[in-house]
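What follows is a single structure, written as structure tokens, with notes after it.
Derivation of every value follows stated rules applied to the coordinates shown; laboratory data play no part. Values in this document were obtained by computation on a predicted structure and should not be read as measured data. Glycine gets a Cβ as well: all are built from the backbone with ideal geometry, and neighbour counts include every protein chain shown.
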Amino acid sequence: MTPPVFATAFASAAVKAALGTSPCRVFPFGEAPQGVMLPYAVWQVVGGGPENYLGQVPDLDEFTTQVDVYAATATAARTAAKALRDAFEPVAHVTRWGGESRDGETGHYRYSFDVEWMVGR
């Protein structure tokens, strides 16, 4: 009941180049550890449901995930977001570009987008 966000991201050489390998800085539940190195990405499920049918149980679950990349520079945020997009698109669909912003407290650059996954049961 979880989309393969981390496994898909970690399988990409470009994501590892942008977000590291030990650890790969892609964190669930929309939260990163305190003091984590930049750039990093967080993701969280923001919607979805089972693919319901008449006469049989669902064989797929749909998940909409929000992905947010944080970085010290706009270029680093965009580079990491592009790497994640390219890793996800062969197996899922980007459904929303959430925009770019700067965190008021930390000054970190943020790039946000949504990905829809269809995950077999």
By how many degrees, between 0 and 90 and to the nearest 10, does the Cα long axis of helix 74-88 differ from the longest principal axis of the chain? 20 degrees
With each label point set 7 Å from Cα along the Cα-Cβ vector, what nm distance links Thr106 and Val46? 1.8 nm
Could you give the distance between the Cα centres of region 69-121 and region 1-54, to the whole Å? 10 Å
Can you give the helix-only mean residue ellipticity at 222 nm for the chain, where every DSSP H stretch with n ≥ 4 adds -39500 (n - 2.57) and the sum goes over all residues, rounded to the nearest 500 deg cm²/dmol? -6500 deg cm²/dmol
Segments 30-42, 95-107, 57-69 sorted - mean Cβ within 10 Å per residue, highest first: 57-69, 30-42, 95-107
